[in-house]
Each structure stands twice: as C-alpha cells, then as structure tokens.
Amino acid sequence: VPDHSARPRTRKNRRQWRIPPPPLRDGDAPGPEGLLVLHDLSGPLGTVAWKSLRSCLLWSLATDEDRPSLFDSGALRRRRAELREVLGTGGHPLAGPLEAMARVLGPADRVDPEELAAAASEVADWASAAGLPRTALEFRQAAALFLPDDPELALSVLRTARDHGSHSRAEAWFHRTVGLARRVRAWDTYVEAYVDHATMMGERGALPAARRSWMKAYRRANRQGFAPARARALQELFVLETYAGRRREADRFAREAALAMAPSNPALPLLGHDVAMAWLARGRFSAALRLLESLERRVSRGLRAAVIGARAWAAGGLGEDAGFEDARAELERLPPGPELTDAWAGVARGALLLGRRSDARNALLRSGELSRAGSRDPESHGRFGGAPSLEALEAELAAGAAGTAARGGKGDESAARAATDRLVDLLDRGPLPDDRPSPS
Amino acid sequence: MQSRARPLLILHPDGGVRTRIRAAAPDRFHAEDASDWAELRSRVASAPPAAVVVVDPGFAAGALEVRIAAELEDLLRSFPSATIVAALDATPDAHDRLRVLGDWGIAEIVQLDDDRTGPAIRRRLLSARAQSMRRLLSDHEALQLTGRGRAILEASVETVLQGGLPRDLAESLGFSPSTLLRWCERSQLPNPRRLILWLRVIFAAALLDDPGHTVESVGVACGYSGDQALRRAIRAVLPFTPTELRDRGAFETASRAFFAEVASLADLDADRR
C-alpha cells in the first residue's frame, strides 16, 4: 500500500506531521469500489465510467514498484475500443476526460498524474452539473488521489462530500486538507477548510466543534491578513456566542466583526441584521432601531420584510406607538409571501411590548397563515427569527427581560456601542443593493 | 488467539482464472479450490473472518436472465459477514449484472477483462477484506472520530485479521508503541491492547450472527481453541456468553458496547487534533 502519509520533503517543513490515509468509502456505499457510479449512470456509459474510475483508483493506490506491471500491454487498446463503442465519435462531453483517464492503462512512464487529476476533475464537474453527486464525489476523490499532496484537491473532495451529505467522509477529508495545507503553507486553503468544516458542523448542530473551527479560521486569517475570511469568522463567532448566551464575548466579537468589515462587503447587511436581532433579544431596543433604520436602505427585497418586522419590535420595546404603526403599515403594503412569516412574528413581539395583546394575536395569525401558505425561503429571514405561539412569545419576552440582568452577565456595553456605531456608519456609506433604486 | 493462514476459497470453472488468482498473492493467502456451490458453502461455514471467497457469479447458473446463480444469493444471505468477491468479464453490456452483484453485498469485483496481472488482482483481493466490518466500525453515527482515529481503527481491523498484537498495529502505522498509545489517547480511543481485544470480540460476534455458523465453529474460525476460549474472550469485555450474545444480536450488541466505551472516553472540550 503506498504511503499517503509521506513525510515532509523540504527543509522548511521540519515538523513531522503524519496525515492519515483518506477513507474512500462510506457505510452507505457498500459493495465494490465505485458501485455508486453504476447507480448514477445506467447502461454501457455507466460501465465504462465505472471501469475508468476503478483503473485510476487501482493505479493511485498501487505502490511505485507495482505500477509498471499493473495492466497488461493490450489494456489501453481495449479500453479505447470500448470508449469508442459506447461514446461514439459525436463529441460526448465525457469522451475527452475518459480518454485521458484511459492513459493510466498505458506505459507507466507516460502517465502524467496532473493530466489524470484534471481529467477526473472534469468528469466530476460534469457529474455535478448533471445532478449526479455520488459520481462527482467518486471522481473528485480519484483526482485527489492522483495528486495526494495537493490540498486544493483534498478541499474539493471535502466540499463535494459535504454537499452530498456524506459527513463522515467530509470530516476525514477536512483533516487531510488541513494537514496538507499546513505542510505546504497553503494558508488560504487551510482557512477555507476550517470555514467549510465550521459551516458543516454548525449546520449539524455541533456548535462546540463549529466554534473551534471558526476560531482556528479566525486566528489563521488574522495572522495571514485575509480580511474577508477574518470578518466572516468573527461574525459567525458572534452568532455562536450569542446562541451560547456568553454576552460579553458576543459583544466583543460583534465589535471586532464590525471593525473588520469593509463597506462593500456583501456580508455587511447580514451582519447588521444578526447584530440587530441579538440586540432586540437582549432588550437593546434603541441601538437595534438605529441599526435597523440604516439597514433598511441596504438590504435586498428578501431581507427587507424581516427588517421592517424587527423595526416594529424595536419600536414596541421603546414604547413608540407611532413607530410601531408605521412599521406595521409598511409591512401591510408588501406583497404577501413566506418571507413575511418572521416579520409578522416581530410585529407580534412589538405589540406585546406595547401591551396590545389583540394586535399581537392578529400578527401571529398572519405569520402562521403565511408560514403554512408556502415553504419558507431560507434567505428571507435571519437566524434569530421565528413564528411561535402567543404564549411562547410572552414567555420569551419575559425571560428575555429577566435574563438581561441575570443570565450570561451584562455584556460589554462599550463594545456593543462601538459595534452599533461602526455598523451604522458602514451601512450609511455602503452601496445600495441591486434591487433598490438610488435616492438620487 | 493464534495467527492463522488466511484462506482464499475459489469457485471458478476456468482453470486459467484460478491459476491467475492463486498466483496473485501467494504470500498473503492460502488458496483452496471448491468444486461446486455445496462444497464452497461448507468451507465458508468453517472459514475464519479473514477468509476471502472468489466466485464466478454465473457458475452453474443455467440460462437465468442476469446470469447470476441463485446459490450465490443464498450464500450471501447465509453468511453476510463473509467477504465474497465476484470474478467476471466487465464488458460494457454487463451494467445490470455488476449493479445487482454490488447490491447483493459482493465485497469486490475482479474484472477479468482488465485485471489480468498479479498486482491488479492482489489489490482487488486486499481491498475486499472484511470490508463490511470496516465500514460498520468507521461510519457508525455514535463514533465521532477524527481522521487520525479512523486511520487507527482501519489499521486495527487489518491487524486483528492477521491475528496481530498491539505492537504489530504500531508497526503497520509506522509508529513506536508509545506514539501509538499517545495517538489513541488524543483520538479518544481505548488503549491499543484494549482496542485489539474489542475488535477480536466484534469479529467473533459478526460470525455469531451468521445463521450458517455454530458457536464452536465461530471459536475455531476465529483462532480460539474452541467455544470455551471464545466464551472467556467475550467475558473479558461483555457480560454475556456466546449464546446470550447471539440471542441479543451479537454484532449489534458487541459494537454498541464498544461505541459506548469509546463515547465514555470522549472529551468534548479537547482540541482533537
């Protein structure tokens, strides 16, 4: 078996990191190597694609001594004949890459791993575009095995496995990517691997693991001066600390994220929204309202309803009936859609804070109707939204008020103020979204 | 537990194919031919977990549409933990046949039209060994292992298949025994000695679940002197006799207990790298 945990070769790489060999199969992929390709692709095309993949895996996983004698002298000729028979001469999109991959069957001294990796990646791209994720994953892995020291190819396997929902394989390739990237000091790939891993763990609800990876991504991005990655990591750490109820840390991450953000960063409105919603949940209504007013000019249509609903909540918290009515009327004018679900829940919260229970019930009814009417667009609401019952809302607001002074400490007011000021400034200076007309 | 030669059972009508397969890994396997499905079945019943079976799926299949013998399906059902490899021509029109074989639980396929050399066949046979067990262990939801932990587990499976000891495991990973111990700790796995013990019991448990095996044949197949030695080995990690373990679903019970022990070692706050 070849040593995929090869030791560093340059003088610079003195630390003896050993990288475990990658697992090539999952529990949900029983049977012979590459079987999932046969499930994805039927008929002779499936068979020749499967055979091409297996020949490549055979070559990649063979030792240097075995490679010259791995295939017999007629193997390349037979494979080419099969490819011609199945793919014809009409320019099938797989004809080029499978022909290139067939060269692995030829003389060993003419096999070029870079060319083979490129061909396997091309098949993977084709499979992804054709909606065949399992085939894409198998060929992506084959590409990464041709060039086992390349962290970018390992990262592409991580991403394909993650997108396919193959988490255990994705995690194994994550560790491999990090090891390879660290070995050749490919810090951009290293940071991207941590970002992808953190996102995957966050989506699976493994928040401590997500936090660890965001922290690693942040530290390395900070050290290497990768500003967008640093800003994103800080934003996500702010969200995670908010979820965890660690207010002081959350406030500081909010400030750092705001300071790291450029006015043109497309993630700025989302950060503004996240911070505003966190402030609302913690009773910082005045700061939240300032943010939301600036935010409303910057958000695209998808997020706009959520911002208006949050504005009604903030106005309710400040006891401003006029502001509440204004936001509610504005929401009334928007065409109904599932993206208004959380917005009406925000109106209900504002009404409850103003002591208008009946208005709150009506708003919740509308929220529920909209929620049932259509599937909820994940881009149309923020991460602190929801459409609960009236009793649940009352309990939430009561707990929020009590928790402001008790749970998680008081937070860092100066950091929170700095975050708000900076975000308002950035939002006021930044460009308008494409779907909103310029004031001029 | 004694180290035993790994049997390679072959059922194929083509003498040339049998010779090729025999010659592929003379150092790794002890090859034996079977003359028909009945003989193969009785040999599989007494074979150790490391055994690999190579069959022509169309052997005496008659004129069935997919040209796969019903006896093969029966064999796979009776001995689901057995490692069975199909040897056939994978021509472009063989798609359905290949897919059905994979779905039935064939561990690997030797493509007779492509895999004509010794190194190619050897690699196919080696990649098939205990594949189902390895996957079950490395992909269980309860087992949140790092890449490093998975590598140790994979190598442990291989070591146990060869009747190896913890020092053999360290050697296969290229570590010293003390480095292996440290890696096990950092990967939140039991220490190497305990890990090997657990895997031996899990392998025996997999055979206990096969309806074609008796308790005694499992003991002998796993390299123990008999059912009493197997009982003592199981008692070292589980409070059951082999029969009780079989009644409860041996592999499931043993692997659950193993996962529980691994979970008890988990330290969520540790930086697992």
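Values quoted throughout were computed directly from the atomic coordinates according to the rules given, and no laboratory measurement underlies them. Nothing here was measured: the structure is a model prediction, and the numbers come from that model. Every residue, glycine as well, gets a Cβ built from its backbone with ideal geometry; the counts of neighbours run over all protein chains shown.
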Residue-wise, which Karplus ³J(HN,Hα) couplings in Hz belong to region A:314-321, taking 6.51 cos²θ - 1.76 cosθ + 1.60, θ = phi - 60°, and x for glycine or proline?
-> 4, 4, x, x, 8, x, 9, 4
Under 5 Å, built H, 5+ apart or other chain: amide partners of B:Leu9 = B:Glu32, B:Val52, B:Val53, B:Val54
Looking at region B:203-273, which chymotrypsin sites (Phe, Trp or Tyr not before Pro) are in a loop (DSSP not H, G, I, E or B) and have at most 11 other Cβ atoms within 10 Å?
-> none
Which length gain, in nm to one decimal place, applies between A:Glu413 and A:Thr89 when the Cα-Cα distance is subtracted from 0.36 nm times their residue separation?
-> 109.6 nm
Specify the inter-centroid distance of region B:82-126 and region B:8-58, based on alpha-carbon positions, in whole Å.
-> 14 Å
With θ set to phi - 60°, apply the Karplus curve 6.51 cos²θ - 1.76 cosθ + 1.60 along region A:163-173 and write out the HN-Hα couplings as whole Hz, x wherever there is a Gly or Pro.
-> 5, 7, x, 8, 5, 5, 5, 4, 5, 4, 6
Between B:Ser176 and B:Ser46, what is the spin-label point distance in nm, taking each point 7 Å from the Cα along the Cα→C-beta axis?
-> 4.6 nm
To the nearest 10 degrees, how steep is helix B:95-104 against the longest Cα principal axis of chain B, on a 0 to 90 scale?
-> 40 degrees
Considering chain B as a Gaussian network with a 10 Å cut-off on Cα pairs, which listed residue, B:Asp56, B:Asp103, B:Asp168, attains the greatest mean-square fluctuation?
-> B:Asp103
Can you work out ³J(HN,Hα) from phi for every residue in region B:36-53, in order, using Karplus 6.51 cos²θ - 1.76 cosθ + 1.60 and θ = phi - 60°, giving whole Hz and x for Gly and Pro?
-> 7, 4, 5, 5, 4, 4, 5, 6, 4, 4, 10, 7, x, x, 7, 5, 10, 10
1/(1 + (r/R0)^6) with r = Cβ-Cβ of A:Arg301 and A:Leu365, R0 = 22 Å, i.e. FRET efficiency to nearest 0.05, evaluates to 0.35
On a 0 to 90° scale, report how tilted helix A:227-244 is relative to the longest principal axis of chain A, with both axes built from alpha carbons and the result rounded to the nearest 10.
-> 60 degrees
The local net charge around B:Ser81, scoring Lys/Arg +1 and Asp/Glu -1 for residues other than B:Ser81 whose Cβ lies under 9 Å from its Cβ, equals -2
Can you find, among A:Ala102, A:Gly91, A:Ser73, the residue farthest towards the positive end of the dipole of region A:64-118? Put +1 on the C-beta of Lys and Arg, -1 on that of Asp and Glu.
-> A:Gly91
Evaluate the relative contact order of chain A (contact order divided by residue number), counting alpha-carbon pairs under 8 angstrom at least 6 apart; express in whole percent.
-> 11 percent
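Loop sites only, by DSSP: take the GluC sites (Glu not before Pro) in chain B that have at most 11 other C-beta atoms within 10 Å and name the longest stretch containing none of them. Walk me through the numbers before you get to the answer.
Numbers: sites that count: B:Glu65, B:Glu141.
The answer is B:142-273.
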For chain A, the longest principal axis of the Cα atoms and the Cα long axis of helix A:247-260 enclose an angle in degrees, to the nearest 10, of 70 degrees
